[in-house]
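Read through the structure below, which is laid out as structure tokens, and then see the notes.
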Amino acid sequence: MKILILNEAKRALLTSHTEKRCAASPNTVAKLTRKGIDVFIEQDAGALSLYEDKEFEAAGAHVIDTIEPIISQINILLCVNSPHEELILRLANNAIVIGHIDPFFQKSLVTKLCQTGITTVSVEMIPRTSRAQKMDALSSQASLAGYVMVMKAVANLPSILPMMMTPSGTIKPAKIFIIGAGVAGLQAIATAKRLGASVLAYDTRPVVAEQVESLGAKFLKIDIGDTGETKDGYAKELTEQQKNKLEAAQQKAIADSDIVITTAQLFGRKPPLLIKSSTLEKMRLGSVVVDMAAQSGGNVEGSKAGETIKINGITLVGNGNWSQDVARDATDMYANNIFNLLDEFIDADTGNFLLDLEDDILANCVITHNGAITNDMLTEAYKGA
């Protein structure tokens, strides 16, 4: 079996950022080659995550300066992001593509993958089950995002986070309000607490209150009626009445905070607008708001995807691609998740990737196969598009 890993920094993406991560590390390449797999990696694929070509060669990979001779022969293409359409057309129709496909918002790309007959594994669709936990790339990258967002906020705040007793008096700890206590939110809470901030958090799922408090933060209790979570642990979308009630209840906490970090995202849908301009106006000068969802629509009115801007003395951070700020760890974590996926389904005798669509993991994350969309959730989403 032949696997190809791209140098994605060479290719402009839809978000126009330069990809720093790589879909493999020298460690995972070594594990794959020990299985008898031929691994081809494009030159400098790991450079921006500080892995040199010689490290991949030492692990058994073939480092190639161009993908042209091999692209039509490979069995599996490993990506961090979705591949370009022109590259898809050069793959064999029985090839497998594995990466962040963003399928709910990339209908034309998924259609193209269908037309070519390629099998597509979208890592976002890996279910949140015990067995699949080791493959959950979405959660791994979200953990890093939670850490990075706090560090971005600290870098833009004109004051310190911890309480400090000095000869001139005592400096009170900064107040941080984190909206959304999923994977990214919980990591943001943990990071902010370690840095000495006073942390308040909210989530529409009351079940996470205990997790928030176990990290040393306070949980903001707001009664907006019946809420809950999906079978995969994501927050359910609120009604308009609930949204209005929540907005009013959160205004005081936002106005009283030095830093607000929003992490609310809805699986397969645009993120909810949580903070309007009128609420931002109530914040103190110098306050910082970090919008995790800026690139997919935004939780905060006025935030700009890929940018840090100021509005009336308030800094809005909407950089996105958060885990790339710690590219070495992001690559290691993503590469491990992808290896675990491959290791689970590569047959030890034949060395082939076993496509059992009855398997509960593959039934969710395989989105195209034999010219058809195979994920029911995606099919329904496209009907409503």
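The values are calculated or read from the model by the stated rules, or taken from the named source; none is laboratory data. Being a predicted model, the structure only gives us computed values, none of them experimental. Positions of Cβ are generated from backbone atoms using ideal geometry, with glycine treated the same way; all protein chains shown enter the neighbour counts.
State yes or no: is Val207 out of contact with any Ser or Thr (no Cβ under 7 Å at 6 or more places or on another chain) and either within 28 Å of Glu124 (Cβ to Cβ) or of a type in the set (Ser, Thr, Tyr) (or both)?
Considered against the rule, which asks whether it is out of contact with any Ser or Thr (no Cβ under 7 Å at 6 or more places or on another chain) and either within 28 Å of Glu124 (Cβ to Cβ) or of a type in the set (Ser, Thr, Tyr) (or both), Val207 comes out as yes.
Among Ala248, Ala253, which is in the same structural domain as Pro158 (by TED's automatic domain parsing), in contact with a Leu (Cβ under 8 Å, 6 or more places away or on another chain) and in a helix (DSSP H, G or I)?
Ala253
What are the pairs with Cβ atoms under 7 angstrom where one residue, in the range 160-189, is among the aromatic types (Phe, Trp, Tyr) and the other, located anywhere, is outside any loop (DSSP other than H, G, I, E, B)? Sequence gap at least six, or different chains.
Phe177/Leu200; Phe177/Ala253; Phe177/Ile254; Phe177/Val260
Only residues that are charged (D, E, K, R), closer than 18 Å to Gly297 by Cβ and in contact (Cβ under 8 Å) with a residue 12 or more places away in the chain: list them for the range 233-284, please.
Matches in the range 233-284: Lys236, Glu237, Lys243, Glu247, Arg269, Lys270, Lys276.
Suppose we filter Ala45, Ala92, Ala23 for residues that are over 27 Å from Gly371 (Cα atoms) and of a type outside the set (Phe, Trp, Tyr); which single one remains?
Ala45
Could you grab me the full set of residues in the range 291-321 that are assigned to a loop (DSSP other than H, G, I, E, B) and either buried (at least 20 other Cβ atoms within 10 Å of the Cβ) or in contact (Cβ under 8 Å) with a residue 60 or more places away in the chain (or both)?
Hits for the range 291-321 are Met292, Ala293, Gly298, Asn299, Ser303, Ala305, Gly306, Gly318, Asn319, Gly320, Asn321.
Identify the single condition in (1) part of a strand (DSSP E or B); (2) modelled with pLDDT under 95 that Thr204 does not satisfy, given that it satisfies every other one.
(1)
If I filter the range 168-192 down to residues being assigned to a helix (DSSP H, G or I) and in contact with a Phe, Trp or Tyr (Cβ under 6 Å, 6 or more places away or on another chain), which single residue comes out as surrounded by the most Cβ atoms within 10 Å (Cβ to Cβ)?
Gln187
Does Ala45 satisfy the condition of being touching a residue at least 12 places away in the same chain (Cβ under 8 Å), buried (at least 22 other Cβ atoms within 10 Å of the Cβ), among the aliphatic types (A, V, I, L, M) and part of a loop (DSSP other than H, G, I, E, B)?
In short, yes.
If you go through the range 18-47, how many residues are at pLDDT 95 or above, of a type in the set (Val, Ile, Thr) and in contact with a helix residue (DSSP H, G or I) (Cβ under 6 Å, 6 or more places away or on another chain)?
Of the residues in that region, 4 qualify.
Of all residues in the range 322-377, how many are in contact with a His (Cβ under 8 Å, 6 or more places away or on another chain) and assigned to a loop (DSSP other than H, G, I, E, B)?
2
Quick one: Ile338 ticks every box in (1) farther than 17 Å from Glu124 by Cα; (2) assigned by TED's automatic domain parsing to the domain that holds Ile126; (3) among the aliphatic types (A, V, I, L, M) except a single one, so which number is it?
In the conditions (1) farther than 17 Å from Glu124 by Cα; (2) assigned by TED's automatic domain parsing to the domain that holds Ile126; (3) among the aliphatic types (A, V, I, L, M), Ile338 misses (1) alone.
Check the range 8-19 and report whether any residue there is within 21 Å of Glu344 (Cβ to Cβ) and not charged (D, E, K, R).
There is no residue in the range 8-19 that is within 21 Å of Glu344 (Cβ to Cβ) and not charged (D, E, K, R).
Can you tell me which residue is surrounded by the fewest Cβ atoms within 10 Å (Cβ to Cβ) among those in the range 15-32 that are out of contact with any strand residue (DSSP E or B) (no Cβ under 6 Å at 6 or more places or on another chain), in a helix (DSSP H, G or I) and without any contact (Cβ under 8 Å) to a residue 60 or more places away in the chain?
Ala30
Would you confirm, using the coordinates I've provided, whether Leu50 is modelled with pLDDT of 95 or more, of a type in the set (A, V, I, L, M) and on the phi > 0 side of the Ramachandran plot?
For Leu50, the condition - modelled with pLDDT of 95 or more, of a type in the set (A, V, I, L, M) and on the phi > 0 side of the Ramachandran plot - is met.
For the range 94-115, give me each residue that is in contact (Cβ under 8 Å) with a residue 60 or more places away in the chain and more than 14 Å from Gly268 (Cβ to Cβ).
Ile96, Ile98, Gly99, Leu113, Cys114, Gln115, listed by residue number.
Looking only at the range 363-385, count how many residues are under 29 Å from Lys20 (Cα atoms) and either within 20 Å of the chain's Cα centre (by Cα) or loosely packed, with under 15 Cβ neighbours inside 10 Å (or both).
5
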